[in-house]
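**Student:** This is the structure, below, for whatever I ask next.
The values are calculated or read from the model by the stated rules, or taken from the named source; none is laboratory data. Please read all numbers here as calculations on a predicted model, not as lab measurements. For neighbour counting, all protein chains shown are included, and Cβ atoms are generated from backbone atoms with ideal geometry for every residue, glycine included.
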């Protein structure tokens, strides 16, 4: 377990009205959540409900085209279609043991909302999901999935009407609801959330370390993952942090290009500050006001990054780059046509960075965390590329 601080980042910058709930959650995580009986129940759900372990797939045709050895950690094959289910199962199960009856959640791309609605149906918990209206339009399929699973989707109509604003509403609702647990979807927010979410997501890296050793008889030269809040990335990075021979690369949303100002690349265009309960890198102006963001991917369209990533950046252990919308869409099409795999737009940013840097990576063994599948993104992919009828 880690936290509340990761070096100079993290913390618990929350109003007094939230402190009792945060303290209750931390206490439950350290006692119930670390008990052998809880871990046995959680691991059983990961295996027999979620479908872990997820495969490690060699991409021979695409790797050959790019001049490198390419492997994908297939979180897209997890039940509900993304890594989000790992954390949703862990937190909802913990909330159930805490005696909570209602789950509050936020979502951008909709995958966390779907995962939360799924586990609430499984565990008989009321589910309320907050989603910005802009994201609700571009992720309509996931809104329908959440409703079909029994969740109430609350559409947020203020601010940019995207993920940041959904987080605001979920936190506001949690403040006045002692029977609820706020199931935060990424490795950010006030302590204990960054450490707790990473705890439930680090199964990704633990599997990947063993799988690539078994299948490739070697370690990867570098591990690449997209970074919005950063839960899928921290989930795989943690297992490789102690191996200095493995390069860690997090890929943010470059949008239309960092130079245009229409992006969500916090390390390229941001500064340290406080947002949604933790100190981290974020996009803000000189007065500390949050700047608008842009990405073709709803899941990366967020102005801050998880504090553990900020610490890895400060230490120089991980490097953070960006890929543009165009880079992501180009790589998505390449994976579809050469390997028959449709990645989420979020994961496509990681692939886009690899494709753009293929000359420097020639001959390297590259492991990409494919955090989700792209079914949810078909409408925006076809619209952006001008495909279909």
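**Student:** Taking the stretch 17-43 only, how many residues are assigned to a loop (DSSP other than H, G, I, E, B) and in contact with a helix residue (DSSP H, G or I) (Cβ under 7 Å, 6 or more places away or on another chain)?
**Tutor:** Within the stretch 17-43, residues that are assigned to a loop (DSSP other than H, G, I, E, B) and in contact with a helix residue (DSSP H, G or I) (Cβ under 7 Å, 6 or more places away or on another chain) number 2.
**Student:** With the requirement that a residue be under 19 Å from residue 78 (Cα atoms) and either surrounded by fewer than 21 Cβ atoms within 10 Å (Cβ to Cβ) or without any contact (Cβ under 8 Å) to a residue 40 or more places away in the chain (or both), what does the stretch 126-142 give you?
**Tutor:** Residue satisfying the conditions is 141 alone.
**Student:** Any idea which of 123, 89 is assigned by TED's automatic domain parsing to the domain that holds residue 160, surrounded by 22 or more Cβ atoms within 10 Å (Cβ to Cβ), in contact (Cβ under 8 Å) with a residue 24 or more places away in the chain and under 24 Å from residue 193 (Cα atoms)?
**Tutor:** 89
**Student:** State whether one or more residues within the stretch 110-118 are free of Cβ contacts under 8 Å to residues at least 40 places away in the same chain and part of a loop (DSSP other than H, G, I, E, B).
**Tutor:** No, there is no match, as no residue in the stretch 110-118 is free of Cβ contacts under 8 Å to residues at least 40 places away in the same chain and part of a loop (DSSP other than H, G, I, E, B).
**Student:** Residues that are at pLDDT 95 or above and at positive phi: does the stretch 63-75 have at least one?
**Tutor:** For the stretch 63-75, residues at pLDDT 95 or above and at positive phi: present.
**Student:** So, in the stretch 67-82, how many residues would count as being part of a helix (DSSP H, G or I) and surrounded by fewer than 22 Cβ atoms within 10 Å (Cβ to Cβ)?
**Tutor:** Final tally of qualifying residues: 1.
**Student:** Here are some conditions: (1) within 16 Å of the chain's Cα centre (by Cα); (2) without any contact (Cβ under 8 Å) to a residue 60 or more places away in the chain; (3) within 16 Å of residue 223 (Cβ to Cβ). Residue 357 meets all but one. Which one does it not meet?
**Tutor:** Failing condition for residue 357: (1).
**Student:** Here is a further query. Quick check on the stretch 162-189: of everything there that is touching a helix residue (DSSP H, G or I) at 6+ places or on another chain (Cβ under 8 Å) and not in a loop (DSSP other than H, G, I, E, B), which residue is farthest from residue 82 (Cα to Cα)?
**Tutor:** Filtering first and then ranking leaves 175.
**Student:** Return the residues of the stretch 190-221 that are within 13 Å of the chain's Cα centre (by Cα) and either free of Cβ contacts under 8 Å to residues at least 12 places away in the same chain or part of a loop (DSSP other than H, G, I, E, B) (or both); say none if nothing qualifies.
**Tutor:** 202, the sole residue that qualifies.
**Student:** Any residue at all in the stretch 305-313 that's closer than 21 Å to residue 380 by Cα and assigned by TED's automatic domain parsing to the domain that holds residue 381?
**Tutor:** The first filter runs over the stretch 305-313 and keeps only residues closer than 21 Å to residue 380 by Cα, leaving none.
For the stretch 305-313, residues closer than 21 Å to residue 380 by Cα and assigned by TED's automatic domain parsing to the domain that holds residue 381: absent.
**Student:** So, one more: Would you check which residues across the stretch 1-13 are modelled with pLDDT of 95 or more and in contact with a helix residue (DSSP H, G or I) (Cβ under 6 Å, 6 or more places away or on another chain) and list them?
**Tutor:** Passing the criteria: 6, 7, 9, 10.
**Student:** Going by the structure shown, is residue 47 under 30 Å from residue 348 (Cβ atoms) and in contact with a helix residue (DSSP H, G or I) (Cβ under 6 Å, 6 or more places away or on another chain)?
**Tutor:** no
**Student:** I want to confirm something. Restricting to the stretch 146-164 and keeping residues that are at pLDDT 95 or above and crowded, with 22+ Cβ neighbours inside 10 Å, which single residue is nearest to residue 16 (Cα to Cα)?
**Tutor:** Residue satisfying both the conditions and the ranking: 156.
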